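Enquirer: First the structure, then my questions, so here it is.
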């Protein structure tokens, strides 16, 4: 039975597709409302790049919504408020997220690598602020905003908030991006145990092995790479190799061609690496006078690649860590010694060759008291995202994405409350949640070639202002993925407004 209040918001369905937002305000339709003053803190870690940036090499952006009460000047900055190299753009949202017009964009304006932007606004209305990172840098930030006021009496800004997460999800890569001075892995270790399809990662089961007198000092300059040959092939996910490419900047790849010699740790490039690699990415310089060297040797089935007191670029700070490759088992071990934390930061992790889905920034030291799985392939969870905001007198447009090809029947759910269930293990669907009450449900047949969109018309009724409507979806599969036979999406909490 449909809830009486929900009768006023009838449902229609059609077909299309989209991508799952990695974080709540990853796209325009889910922008977070900001007001004059300092807003935050926020993060762009795990965000995607929504479209090309008109200034700099922006990426990994998140979105904010500002409501102006009149024409005037809108000033936005991250000066002294960002932990990374930020970019900022302001866009006119009069035509909605599908018709944004850029009013201005800035990369570096203050605090060396942070952003400040001031633009004239043509009048009252909604404006969007996009914050990203130069070269897809990520981190935390707050946003300082100063403009011609927002809204006015009776103005209610419609919002979308993603709640919970979909299932099933698995990731074929992992990483942690450290800003300068923040790395916390010194004198620790991590082991990746190869199981034939992926890896089980756990606290290190090996220790540092000092290079022997017969170890080969690799001839590596600044931002350079070389190839080493293994006596026996190293098995890894998707293949085996007898050659490893060693880059002076801390990463080892399975092909002689390697993954380049870039010195600046960058999540987007890491996830798009051509070849499978293990990364302790940092700007090292083994060629400078006084620096230690990168060394290679094999002892039994273990190949050791050691940065033995190699200087961080532009410093005389020696750094020591070791990658151990077991050709008998395919296991790979990271063993860290002295790490100065100086320079431009570090990226530590593993990525298979080719494009990878961003799994988000993992706190390795916090995770490693237990274990985590690195899967053979990326599988995105069933997701639901809003492509418009629930404004009275308009349609609230929603999209189900990452629908499995084995799906048979889909169900859309609308409710006026959030059950807050994040694990339906008691129904035989572990890891799947329910984030909308079952006030209304509607079924649809899964198309193998199309996504699914559905629409909730919002009547032009002021009594609906500030009402929260929750929605989610489920897909039943053959063969069944769990005892329940279905997977569920995250939920969307839509608050109805008049702007």
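Enquirer: In this structure, does residue 407 turn out to be in contact (Cβ under 8 Å) with a residue 60 or more places away in the chain and exposed (fewer than 14 other Cβ atoms within 10 Å of the Cβ)?
Expert: Here the answer is no, as residue 407 does not meet what is asked.
Enquirer: While we're here: Tell me which residues, restricted to the stretch 188-208, are surrounded by 16 or more Cβ atoms within 10 Å (Cβ to Cβ), assigned to a loop (DSSP other than H, G, I, E, B) and over 24 Å from the mean Cα position of the chain (by Cα).
Expert: The initial filter retains those residues of the stretch 188-208 that are surrounded by 16 or more Cβ atoms within 10 Å (Cβ to Cβ), namely 188-194, 198-199, 201-202, 204, 206, 208.
Next cut, assigned to a loop (DSSP other than H, G, I, E, B) only: 188, 198, 204, 206, 208.
The answer is 188, 204, 206, 208.
Enquirer: Tell me yes or no: at least one residue of the stretch 447-457 is over 19 Å from residue 166 (Cα atoms), in contact with a helix residue (DSSP H, G or I) (Cβ under 8 Å, 6 or more places away or on another chain) and surrounded by fewer than 23 Cβ atoms within 10 Å (Cβ to Cβ).
Expert: No, the stretch 447-457 has no match at all.
Enquirer: So, in the stretch 430-474, exactly how many residues are closer than 29 Å to residue 498 by Cα and not in a loop (DSSP other than H, G, I, E, B)?
Expert: Counting residues in the stretch 430-474 that are closer than 29 Å to residue 498 by Cα and not in a loop (DSSP other than H, G, I, E, B) gives 19.
Enquirer: Out of everything in the stretch 384-429 that is part of a loop (DSSP other than H, G, I, E, B) and within 17 Å of residue 475 (Cβ to Cβ), what residue ends up being nearest to the chain's Cα centre (by Cα)? Walk me through it before giving the result.
Expert: Keep residues of the stretch 384-429 that are part of a loop (DSSP other than H, G, I, E, B), which gives 387-390, 392-394, 402-406, 416-420, 422-423, 428.
Pick out the ones that are also within 17 Å of residue 475 (Cβ to Cβ) and you get 402-406, 428.
Values: 402: 16, 403: 20, 404: 21, 405: 24, 406: 26, 428: 29 Å.
Per the criteria, the residue is 402.
Enquirer: I would also like to ask the following. Enumerate the pairs (first residue in the stretch 222-236 and at pLDDT below 95; second residue anywhere and in a strand (DSSP E or B) and surrounded by fewer than 17 Cβ atoms within 10 Å (Cβ to Cβ)) with beta-carbon separation below 9 Å, excluding pairs fewer than 6 apart on the same chain, so at least 6 apart or on different chains.
Expert: none
Enquirer: To continue, here is another question. Assuming residue 351 fulfils every condition listed in (1) surrounded by fewer than 19 Cβ atoms within 10 Å (Cβ to Cβ); (2) over 14 Å from residue 188 (Cβ atoms) apart from one, which condition is it?
Expert: Every condition holds for residue 351 apart from (1).
Enquirer: Looking at residue 367, is it touching a helix residue (DSSP H, G or I) at 6+ places or on another chain (Cβ under 9 Å) and either without any contact (Cβ under 8 Å) to a residue 40 or more places away in the chain or over 18 Å from residue 250 (Cβ atoms) (or both)? Walk me through it before giving the result.
Expert: Numbers: touching a helix residue (DSSP H, G or I) at 6+ places or on another chain (Cβ under 9 Å): no; either without any contact (Cβ under 8 Å) to a residue 40 or more places away in the chain or over 18 Å from residue 250 (Cβ atoms) (or both): yes.
It is false that residue 367 is touching a helix residue (DSSP H, G or I) at 6+ places or on another chain (Cβ under 9 Å) and either without any contact (Cβ under 8 Å) to a residue 40 or more places away in the chain or over 18 Å from residue 250 (Cβ atoms) (or both).
Enquirer: Go through the stretch 57-80 and report how many residues are under 21 Å from the mean Cα position of the chain (by Cα) and surrounded by fewer than 20 Cβ atoms within 10 Å (Cβ to Cβ).
Expert: So the answer is 1.
The values are calculated or read from the model by the stated rules, or taken from the named source; none is laboratory data. Because the structure is predicted, anything quoted here is derived from the model rather than measured. Please note: Cβ atoms are built from the backbone with ideal geometry, for glycine as well, and neighbour counts cover all protein chains shown.
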